[in-house]
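Engineer: Mind having a look at this structure? Questions to follow.
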Amino acid sequence: QVQLVESGGGLVQAGGSLRLSCAASGLKFVIYSMNWFRQVPGKEREFVARIDWGSGRTSYADSVKGRFTISRDNAKNTMYLQMNTLKPEDTAVYYCNISPNYWGKGTLVTVSS
């Protein structure tokens, strides 16, 4: 069974930083890419960042570009999201995803002002 487990969420002041991790296990397939999404209650889940597992090529939502950095450790099947210069608008539950339908349970990031 595929399992994705996020960690690293917490409470931080605006302007601060957090580093999220997503550990994948039980994979029966090669990872092509992994994604971070986030969701605020009452709103749609939105794409945050993607990394191609082989090449390391990345893409970001405009709202986080320049502040967030996605990376991966292939040997550990682990993905990271370094979040800098956090804003209150970044407050959300952050989810790890392997497209299309593998999801973690999420980790809550709360940014206070």
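The values are calculated or read from the model by the stated rules, or taken from the named source; none is laboratory data. Note that the structure is a prediction, hence the values are computed from the model and not measured. Note: ideal-geometry Cβ built from the backbone for every residue, glycine included; neighbour counts use all protein chains shown. Quick note on the areas: whole protein, heavy atoms, side chains included, nothing else; ligands and nucleic acids left out. Shrake-Rupley method; radii C 1.70, N 1.55, O 1.52, S 1.80 Å.
Engineer: Please list, in chain and number order, the residues 5+ apart from Gly16 or on another chain whose amide H is under 5 Å from its amide H, with Hs placed from the backbone.
Structural biologist: It is Leu86, by chain and number.
Engineer: State the extension gain, in nm to one decimal, for the chain segment bounded by Val40 and Asn84, taking 0.36 nm per residue of separation less the distance between their alpha-carbons.
Structural biologist: Details: separation 44, 0.36 × 44 = 15.84 nm, distance 1.92 nm.
That pair, Val40 and Asn84, stretches by 13.9 nm at full extension.
Engineer: Less than 14 Å Cβ to Cβ from Pro100, Lys/Arg counted +1 and Asp/Glu -1: what total charge do the surrounding residues give?
Structural biologist: Numbers: positive: Arg45, Arg50; negative: none.
Cβ neighbours under 14 Å give a net charge of +2.
Engineer: Of the options Gln82, Gly106, Leu27, report the single residue whose Cα projects farthest towards the positive end of the charge dipole of the chain (beta-carbon charges: Lys, Arg +1; Asp, Glu -1).
Structural biologist: Leu27
Engineer: May I ask for the net charge around Ala23, where only other residues with Cβ less than 14 Å from the Cβ of Ala23 are counted and Lys, Arg are +1 while Asp, Glu are -1?
Structural biologist: Details: positive: Arg19, Arg72, Lys76, Lys105; negative: Glu6, Asp73.
Overall, the nearby charge balance is +2.
Engineer: Give the long-range amide H neighbours of Phe68: residues separated by 5 or more places, or on another chain, with amide H under 5 Å away, using H modelled in the peptide plane at 1.01 Å from N.
Structural biologist: Asn84
Engineer: Could you pull out the chymotrypsin sites (Phe, Trp or Tyr not before Pro) across region 2-64 that fall in loop regions by DSSP (anything but H, G, I, E, B) with no more than 15 other Cβ atoms inside 10 Å?
Structural biologist: Those that pass, being in a loop and sparsely packed, are Phe29, Tyr32.
Engineer: Return the FRET efficiency for the residue pair Asn74, Ser17: r is the Cβ-Cβ distance, R0 is 22 Å, and the value is rounded to the nearest 0.05. Spell out each step's value before the answer.
Structural biologist: Working: r = 24 Å, r/R0 = 1.09.
Efficiency, rounded to the nearest 0.05: 0.35.
Engineer: Can you work out the FRET efficiency for the pair Ser63 and Asn101, with r the C-beta to C-beta distance and R0 = 25 Å, to the nearest 0.05?
Structural biologist: 0.55
Engineer: A follow-up question, please. Evaluated at 25 °C with a viscosity of 0.890 mPa s, what Stokes-Einstein diffusion coefficient in µm²/s does the chain have when Rh comes from the Kirkwood expression over alpha-carbon pairs?
Structural biologist: 176
Engineer: Within region 1-96, report the trypsin sites (Lys or Arg not before Pro) that DSSP leaves as loop and that have at most 14 other Cβ atoms within 10 Å. Please list the in-between numbers first.
Structural biologist: Working: sites: Arg19, Lys28, Arg38, Lys43, Arg45, Arg50, Arg57, Lys65, Arg67, Arg72, Lys76; in loops: Lys28, Lys43, Arg45, Arg57, Lys65, Arg67.
When the trypsin sites (Lys or Arg not before Pro) of region 1-96 are filtered for loop state and at most 14 Cβ neighbours within 10 Å, Lys28, Lys43, Arg57, Lys65 remain.
Engineer: Another question about this same structure. With every protein chain left in place, what is the accessible area per residue of the chain in square angstrom, probe 1.4 Å?
Structural biologist: Working: 6260 Å² over 113 residues.
That works out to 55 Å² for each residue.
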